[in-house]
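Let me begin by presenting the structure, written as C-alpha cells, before commenting on it.
The values are calculated or read from the model by the stated rules, or taken from the named source; none is laboratory data. None of these values were measured; they are calculated from a predicted model. Cβ: placed from backbone, ideal geometry, glycine included. Neighbour counts: every protein chain shown. Note: areas computed on protein heavy atoms with side chains; ligands, DNA, RNA excluded. Shrake-Rupley method; radii C 1.70, N 1.55, O 1.52, S 1.80 Å.
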Amino acid sequence: MSPQTLLIDADDTLWENNVYFERVIARFISFLNHHEFSPEQVRGVLNDVERECIVTHGYGLHSFAHALMNTFERLTVTPVTPEMHEQIRGFANTIADHPIELLPEVIETLQYLSPAIASSC
C-alpha cells in the first residue's frame, strides 16, 4: 500500500475562525454607519475590496485588515483620521487576540489519527 497524506486546513476544521471575522464585519458595518448604503451593500463593497486585497496581500488577517481600511476609506463621508484608522485596526486585532477554541472532539480525533500518522512515517 502506498503512503497517504492527510492535510487538514485547521481554520474552521479544528477550531472556530470564520465566526470571529463575521463578528468583526458586523462591528465594522455598524461603526461605518453608512447613511446611503444598506449593511448588505457595505458588505458587498467589502467583499469586492477583499478580493482586491488578496491579490496584493494574500489571504489571512493582514489582508483582511487592509480590506477593512480600504473599504472604510472608500465609503466614509467624513475625513479619515489616525484615530479612525486605529479603531479599524483594532477590529482586526480582536481576531488575533482571541484565544483558539477547539471544535468538539478535535483532541479525540487527532489522538485517533496519530497512531496511523506515526506508523506511516
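For the chain, the carbon plus sulfur part of the accessible surface works out to 56%, probe radius 1.4 Å. Which helices, taking whole DSSP H runs in the chain, have alpha carbons extending 20 angstrom or more along the helix axis plus mean Kyte-Doolittle at least 0.0? For the chain, where a helix must reach 20 Å along its axis and average at least 0.0, the hits are 18-32, 61-75, 106-120.
Spatially, segment 2-37 and segment 76-119 are offset by 8 Å when compared through their Cα centroids.
What does the charge count near residue 19 come to, summing +1 for each Lys or Arg and -1 for each Asp or Glu among other residues with Cβ under 12 Å from its Cβ?
In short, -4.
At 1.4 Å probe radius, can you tell me the per residue accessible area of the chain in Å²? Accessible surface, normalised per residue, equals 69 Å². Scan the chain and report its longest stretch carrying no chymotrypsin sites (Phe, Trp or Tyr not before Pro) that are both in a DSSP loop and have at most 14 other Cβ atoms within 10 Å. Free of exposed loop sites, the longest segment is 60-121.
Per-residue ellipticity at 222 nm from helix content only, as computed over the chain with -39500 (n - 2.57) for each DSSP H run of at least four residues, stands at -22000 deg cm²/dmol. Against the set (i) 11, 34, 25, 15, 10, 4, 0; (ii) 12, 31, 23, 20, 13, 2; (iii) 15, 45, 31, 6, 2, 0, the structure's computed P(r) over Cα pairs in 10 Å bins from 0, in percent falls on (i).
The Stokes-Einstein estimate for segment 71-118, based on a Kirkwood radius over Cα pairs and taken at 4 °C with 1.567 mPa s viscosity, is a diffusion coefficient of 89 µm²/s.
For the set 78, 56, the ranking by accessible area, highest first and with no ligand, DNA or RNA atoms included, is 56, 78 under a 1.4 Å probe. Based on Cα contacts under 8 Å between residues 6+ apart, the chain shows a relative contact order of 35 percent.
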